[in-house]
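Written out below as structure tokens is the structure these notes cover.
The values are calculated or read from the model by the stated rules, or taken from the named source; none is laboratory data. Here the structure is a predicted model, which is why all the values come from computation and not from measurement. Cβ placement follows ideal geometry from the backbone for every residue including glycine, while neighbour counts extend to all protein chains displayed.
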Amino acid sequence: MSRLTLICALALALSSPAAAQDLAISAGQLVVDAEKGSVKGGVLLIRGGKVVSAGANVKLPAGTKLLKRPGAWIVPGFVDARAHLGLERDIDERSQAFANDIDLADRVVPGHKDFAKHRAAGITTALISPGDQSLLAGAAVPVKTTGALLGTQRVAKLSLTSSASMNGRPPTSQGGRLALLRATLKKAHATKGGGPLEAFARGDVPGLVSVSNFTSLEALQRLAPRFGLRLIYDLQASVSPRTVKGVDLKGVFLAIGPGRVEFGQAARQVPAVLNKAGAKVLFTSRAPYGPASGMRLRAIQAAKDGLSGAAALAGLTSIPAQALGLEGRVGALTPGADGDFVVFSGPPLDLRSRVLEVYVAGRRVYRADGEE
Amino acid sequence: MASKSSIHLAALSLCLVGAGVSFAQEPAPKKDTTLVLRGKLYQPAQEPIPDGGVVIKDGKIFAAGAWARLARLVPKGAKVIRVPAISPGLIEASSSAGTRGVYAEQGSEVVPELRVIDNVNLRDRAFDRLLERGVTTVHIEPDPASVVGSQGCVVKTAGKARILIEAGVIGGCLGSDAWTRGWNRRPFGAPTHMTRRPNTLMGAVWVFREAFFLAKQAKSPTPAQAVLRDVMAGKRGLHFLARRRGEIEAALRVSREAGVRIVLKEAQEVHHLLDIVAEHKASVIFGPLEDLSRSRRRGVLQPRLDTPALLALSGVPFCLTASDEQGQDDLRGQAMLAVRYGLEPSVALDAVTAAPAAILGLEKRIGSLSKGFDADLVVWSGPPLSATSKPLAVVIDGRVVSGTLIQPKPSKGSKPAPNKNKNPRGSKKPTQRF
């Protein structure tokens, strides 16, 4: 009982409206949008939880106290496009190929201890997603790592890997999975209302699709323009530069997990290769099955092995926000966006840099020397 | 600290410049795409033309034939490349290239809505191997594990636009594969979708008959039934795998019931039934021909090595396939074997070029070097069906995708490079040895 009270109190504390007063903070370097570089000595002004202005020449209203973080870097809060945090027990309903009634919003435990780990890693937004055990495993839900939902926004979670076939029901083959998906999408595309499947089939919401090879990716790419599908591929394939050769990846969102399982030893440069092929590479944590910090570590490794620093940082912030349809709200500190940011002790892609503070909607939710 | 930060800023901004160029566009295609080849020309079902040639423009055949007639069609300034022998690119009518592992759907015995292309890795090395052997187009067929199988696809082995037919003919199977190759066969356990139901040829025939009957009757057809209706309406072909005499007869019988014209595959015992096959207006994809001593099914099947020659005599439309056999049994090897056992060489070339194109419904696009066709051809070092010839270059859509057209010639006049070694062994006076 006392635990429940504590959770309620915490949830209440975290979800209470942001203070009406302004927050102004300056840093050694301010990254407004990862793809546009950083501003030396930039100032960020937040009012009512939203960014008012950010940059070198920000006029502060009279009487505003400026918090100073000299030598530190302020970057947009990280966006994790695939995580399983805040859930208890199993994450998948396996009995049906299309679990269209499953909405993970019903299952998120707001005060779950996983959220604190995510905040400590500098992640402010995460997509809480079901697993890969069904062709459609349900609706994934984007949340702030305070535990608050981002409105009614949902993302369909699909899987074309063999895991989707291992539950004693047809289809059993890749061809079977794609044929069933094609027929189901055709029917769902013409349906009004409905669940995540129909919304995905009409192109209203993005779909996060787990793929274990580029063949199924290409098959879905051929299908996408017919229905106007919005796709994010969660890449679980073993990739080498040869595998990628000739695949049309222009503008394709490719999510890369934290583990080393997806890549052969000689293929650390794969994020760079995918980026060069035109893909928009984003990094995910898959927490709690991987460490929350794994997302940033993978981006650092990719930047070491050929990915540009801007693309690596964008893969943690603005690219996942675009992929999830949350651009303008999270992933960049542009005016009107949520005031979600991280204060790093140094450049975010330097392994030595620590997360000093994390803010969500202008409120501090993490401090390195003690949880807020 | 501040100086360190500014260094990092510089690094980040440099990276930003890098990000800007990483989306650089591909170089624009070259404007001059004319290619002129002169050499001995082998066309399907024709006598070879000793002094022939081909003019290729924009990836298509502009003209082909005897050089005397062709010379005035050659654009001014175009370079004429002399080559030993030219033939159309070979076409493999039955292959599983690019597919990996067990890809047959086990969820049902009737899966015509499935597409093989969903499981084809176009970057698989199998395509490179086929290309090196002169094969330019492949029909990838469904795994024969279902009685009514999925939709095959036709792809080129290289080039830019590789998919010719994304989802074409469906496969059928009355061979033993369809009733013996299930997963987890549990004769005493409860039937699941993993347990294959037909255990006999009779059972497989029934599954086929029922599927087409239900498709005909259905008021609101399922996706699978819609495909079967296309087949019955003649909009989509049916390639039927039937090896033994009884299987071939059953295949012809049920297809006539369904009102479908079929193409027979792997029909090793078709020589018994040539009259009936001709009467049913069926075509045959024959092969792979195996040397009798190597035949894996010796004793069960009774194949004849002269079946291609008999097929040619009977007038049944047929083509040859190697079905992914490598080495001496590749597609060209099949044509050579057929010639060894009585088929005319020009007809044998037809059986691996124009005939498979016709069976796949692509007779107006590939399979021959005619005006307007895709410029898919092979340059050989000698007659294409000679064991001493090899492919020198393969051209797809007017571009050289394997080998080279201009062969280095050993020049007669040039001296060997002088040996600069001051104490070469060869410079010593020869000593007599006993």
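In region A:71-89, the residue that is surrounded by the most Cβ atoms within 10 Å (Cβ to Cβ) out of those that are within 14 Å of another protein chain (Cβ to nearest Cβ) and under 19 Å from residue A:362 (Cα atoms) is A:74. Scoring residue A:213 on the criteria (1) out of contact with any Asp or Glu (no Cβ under 8 Å at 6 or more places or on another chain); (2) more than 11 Å from chain B (Cβ to nearest Cβ); (3) among the polar types (S, T, N, Q); (4) under 21 Å from residue A:282 (Cα atoms) leaves a single failure, condition (2).
For region A:30-53, the tally of residues that are within 11 Å of another protein chain (Cβ to nearest Cβ) and of a type in the set (Val, Ile, Thr) stands at 2.
Out of B:178, B:161, B:167, which single residue is at pLDDT 75 or above, buried (at least 18 other Cβ atoms within 10 Å of the Cβ) and more than 22 Å from residue B:248 (Cα to Cα)? The unique qualifying residue is B:167.
Out of A:299, A:237, one residue alone is at pLDDT below 90, touching a strand residue (DSSP E or B) at 6+ places or on another chain (Cβ under 9 Å) and either of a type outside the set (Phe, Trp, Tyr) or closer than 25 Å to residue A:128 by Cβ (or both). It is A:237.
In region A:155-171, the residue that is farthest from the other protein chains (Cβ to nearest Cβ) out of those that are buried (at least 24 other Cβ atoms within 10 Å of the Cβ) and hydroxyl-bearing (Ser, Thr, Tyr) is A:159. I'm trying to understand the selection: among the residues of region B:358-400, which are surrounded by fewer than 19 Cβ atoms within 10 Å (Cβ to Cβ) and of a type outside the set (Gly, Ala, Ser)? Scanning region B:358-400 gives B:363, B:364, B:365, B:371, B:383, B:388, B:390, B:399, B:400. Among the candidates A:137, A:156, which residue alone is within 17 Å of residue A:223 (Cα to Cα) and in contact with a strand residue (DSSP E or B) (Cβ under 6 Å, 6 or more places away or on another chain)? The conditions single out A:156.
Close Cβ contacts (under 6 Å, 6 or more residues apart or on different chains) running from residues in region A:164-182 that are in contact (Cβ under 8 Å) with a residue 40 or more places away in the chain and part of a loop (DSSP other than H, G, I, E, B) to residues that are surrounded by 24 or more Cβ atoms within 10 Å (Cβ to Cβ) and not hydroxyl-bearing (Ser, Thr, Tyr) comprise A:171/A:177; A:171/B:105. For region A:130-154, the set of residues classified as under 14 Å from residue A:107 (Cα atoms) and surrounded by fewer than 18 Cβ atoms within 10 Å (Cβ to Cβ) consists of A:148, A:149, listed by residue number.
If you take the residues in region A:301-358 that are within 17 Å of the chain's Cα centre (by Cα) and β-branched (Val, Ile, Thr), which one is farthest from residue A:30 (Cα to Cα)? Ranking the candidates gives A:319 first. Count of region B:201-219 residues, restricted to those that are aromatic (Phe, Trp, Tyr) and surrounded by fewer than 18 Cβ atoms within 10 Å (Cβ to Cβ), is 2. Residue under question is residue B:117, and the condition is that it be crowded, with 20+ Cβ neighbours inside 10 Å, more than 9 Å from chain A (Cβ to nearest Cβ) and within 21 Å of residue A:171 (Cα to Cα); does it hold? Answer is no for this residue.
Please list, ordered by residue number, the helices (runs of 4 or more DSSP H) wholly in region A:195-245 having 2 or more residues that are surrounded by fewer than 20 Cβ atoms within 10 Å (Cβ to Cβ) and among the hydroxyl-bearing types (Ser, Thr, Tyr).
none
Going through (1) away from chain B (no Cβ under 14 Å); (2) more than 22 Å from residue A:82 (Cβ to Cβ); (3) of a type outside the set (S, T, N, Q) one by one, residue A:352 falls short only on (1). State yes or no: is residue B:427 modelled with pLDDT under 90 and over 20 Å from residue B:82 (Cβ atoms)? So residue B:427 fits the description; yes.
Here is a yes/no grid of residues against (1) closer than 22 Å to residue B:356 by Cβ; (2) away from chain A (no Cβ under 14 Å):
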residue: B:80; (1), (2): no, yes
residue: B:93; (1), (2): yes, yes
residue: B:98; (1), (2): yes, no
residue: B:123; (1), (2): no, no
residue: B:126; (1), (2): yes, no
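Does region A:55-76 include one or more residues that are among the hydroxyl-bearing types (Ser, Thr, Tyr), out of contact with any strand residue (DSSP E or B) (no Cβ under 9 Å at 6 or more places or on another chain) and in a loop (DSSP other than H, G, I, E, B)? No; the residues of region A:55-76 include none that is among the hydroxyl-bearing types (Ser, Thr, Tyr), out of contact with any strand residue (DSSP E or B) (no Cβ under 9 Å at 6 or more places or on another chain) and in a loop (DSSP other than H, G, I, E, B). Only one of (1) modelled with pLDDT of 95 or more; (2) within 14 Å of chain A (Cβ to nearest Cβ) is not met by residue B:6, so which one is it? Failed condition: (1). Listed by first and then second residue, the pairs with beta-carbon distance under 7 Å, at least 6 apart or on different chains, first residue in region B:386-402 and more than 16 Å from residue B:42 (Cβ to Cβ), second polar (S, T, N, Q) and in a strand (DSSP E or B), are B:396/B:136. Could you please let me know if residue A:297 is assigned by TED's automatic domain parsing to the domain that holds residue A:268, surrounded by fewer than 24 Cβ atoms within 10 Å (Cβ to Cβ) and not acidic (Asp, Glu)? Yes.
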